[in-house]
Each structure stands twice: as structure tokens, then as C-alpha cells.
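Everything below concerns the one structure shown next.
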Amino acid sequence: MTARRASLTSLVTAAALVGVRIALALLAGSVSALADATRAAAELGQVLVSEIVAHHEDHGAPRPAYRDVGAIEGVAVVAAGLVAGFAALRGLGASGQRPALGAFGMLGCAVIARLVSDRFPTRPEARSLARTPGTAVLAAGGLAVSAMLSSAIPDVVVALVIAGVVVKTGIDLALTAVRGRERLRGDELAHVADALAHGPPEVVGYGHVGARTAARARRIDVDVTIVRDASDARLPEIRREIEAAIHRRLSGTRIVVHLRKPPPPKVETGEGTRRHRS
């Protein structure tokens, strides 16, 4: 099977399982199934956002076209998690309609997700599926206990736990758009320095280099100083060349380069010191 077909199969399966979870939430009156649907949708959205970013980076789109997409999705996921938690609290006084049906359905979702992810272990879309069976099994367990006790409380408790996981996922996604502040490992810094040493001729040095790991993604920010007379029209090309060079050395890492020009030199005049305008 081709990589494109494997990706499409994984994405269609993930989307279908989100729909099945929503249907189970409605049929079984389960807030944990609804919370798990939100979690699965967040995982699917994370994969789609990663694909969008990778597509734009590969085709050289200006960064403003995509740099905030992770933050936007993160805020949306946090909001969805909070809504799922609120819905769970609203269900405290209710009783599930068909908890046994919900339990079997959620187990089925977990099994299908695991089968598809095991079939395409190298595809990022399939790996997102592999992260969803855990909460699906948890929801199934909560529904099974609710069925045995004839009480919605276990289902609600599980829903609150899953809603918390969703909120954390959203926060991690939002952090992917935030500038990295962590220190780099020695090998990472060496690769960055080597890429810049063999980079575009306009590069004269670099300053702050920071990293951030969030939502299972590693981001490295590099402040690069270039010659003052570099053409503004060439800046996007310089940035792409540097990012590509570092990415070749640190594959699987998102590289964000911030270009800086040195300030104009100070010149002495009879009236005092002022900056020369070049």
C-alpha cells in the first residue's frame, strides 16, 4: 500500500471513529463517550495542523500564513475540553440510557484504532490513532461500572478525567506557537552552528538559540544576524535556506529562524553622537 493511501486510510478511520463516538454518546447518554470523541477529534486535528505546517514549509510560504495555526487549534481544543467537562458536570444528576451499549461500542472503537495503527506504524496519522484507545477503554470501563451500579456517577467521573486530558492537549498545542526558551542539547547546538557556518553568505553570526517540546513536537528558535545591506526581498529566501539546512541535520524538529540586522553604526559629529543612516 502506498504512503498516500495509508495516510488516507488512517485519516478516514480516525474521522469515522470520532463520528461513532458521538453517536454512542447520544445513544447511550454517555458524557464520557462525548469527552472521548472530543479527545479523538483533538488528536486528528493535531495531525492535520502538522500536515498544513509541513506543506507550507515545504512550499516556502511566508510564515505569517501558518505560524499561529497551532495556537488557534490549541485554544479551540482547550475550549472543547472545558465544554466537555461542563457537560459532564451537568450529567451528575442524570442516568445513562444504555450504558452497556456504550461500553461495548467504546471497546470496539479502541480495537479498531489499535488495528489500524498497528497496520501502518510509521505513518503519523496512524500514530495519532494509537494514542486514542487508552481513553476509549477508560470510557468503556466507566460505562460498565455505571451499568452495574445503575448510576451515572462513574461515567461522569471518567468524562471529567478525559476532559482534563483534552485541556492539557490544547495547552500543549498552543505552546507549539510560543518561542522556545529551553537550553539545547550539545549535539543540537553543534548542528545549528554547523548549518549556519555553511549557510547563506549574508549570515554573520547568531544569538539566542532556544527549544521547546510540546504536543510531542520539538521546536527550535534561532536568532540569526545577517549583514545590514541584505535585501529585504531576499530575507524569506535566506530564512528558508537556513531552516532547511538545520532541518536536514535535525530531522523531525520544527525550526524557526528569526533574522536580525545589526543596528546602524554610531558616528561622531560636532553636535554629539548619532546613528548613521545607511
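Please treat every number below as a calculation from the coordinates, not as lab data. Keep in mind that this is a model prediction, so the values were computed, not measured. Ideal geometry is used to build each Cβ from the backbone, glycine not excepted, and the neighbour counts take in all protein chains shown.
Run through segment 222-254 and list the trypsin sites (Lys or Arg not before Pro) located in a DSSP loop whose Cβ has at most 13 other Cβ atoms within 10 Å.
Here the trypsin sites (Lys or Arg not before Pro) that fit, given the DSSP loop and packing criteria, are 228.
Stretch residue 89-residue 23 to full length: gain in nm at 0.36 nm per residue minus the Cα-Cα span?
Working it through step by step, the gained length comes to 21.8 nm.
Taking neighbour counts of Cβ atoms within 10 Å as a proxy for exposure, in what order, fewest first, do 223, 172, 155 appear?
Placing the least packed residue first, the sequence is 223, 172, 155.
So for the pair residue 178, residue 227, with labels modelled 7 Å out along Cα→Cβ, what separation do we get in nm?
The modelled label-to-label distance comes out at 3.9 nm.
Can you classify segment 186-267 as rounded, prolate or oblate using the Cα gyration tensor, where a ≥ b ≥ c are the square roots of its eigenvalues, rounded means a/c under 1.5, and otherwise it's prolate if a/b beats b/c and oblate if not? Walk me through the intermediate numbers first.
Working: a/c = 2.03, a/b = 1.86, b/c = 1.09.
Prolate is the answer for segment 186-267, as a/c is 1.5 or above and a/b outweighs b/c.
Residues with beta-carbon under 9 Å from that of residue 181, excluding residue 181: net charge, scoring Lys, Arg +1 and Asp, Glu -1?
+1
Using a Förster radius of 22 Å, what is the FRET efficiency between residue 97 and residue 16 based on their Cβ-Cβ separation? Nearest 0.05, please.
Details: r = 23 Å, r/R0 = 1.04.
Computed FRET efficiency for residue 97 and residue 16: 0.45.
Using the 10 angstrom Cβ neighbour count as an exposure proxy, how do 198, 208 rank, fewest first?
So the ranking, lowest neighbour count to highest, is 198, 208.
What's the extension gain from residue 151 to residue 118 if we count 0.36 nm per residue and subtract their Cα-Cα distance?
On the way: separation 33, 0.36 × 33 = 11.88 nm, distance 3.55 nm.
Length difference between fully extended and current span is 8.3 nm.
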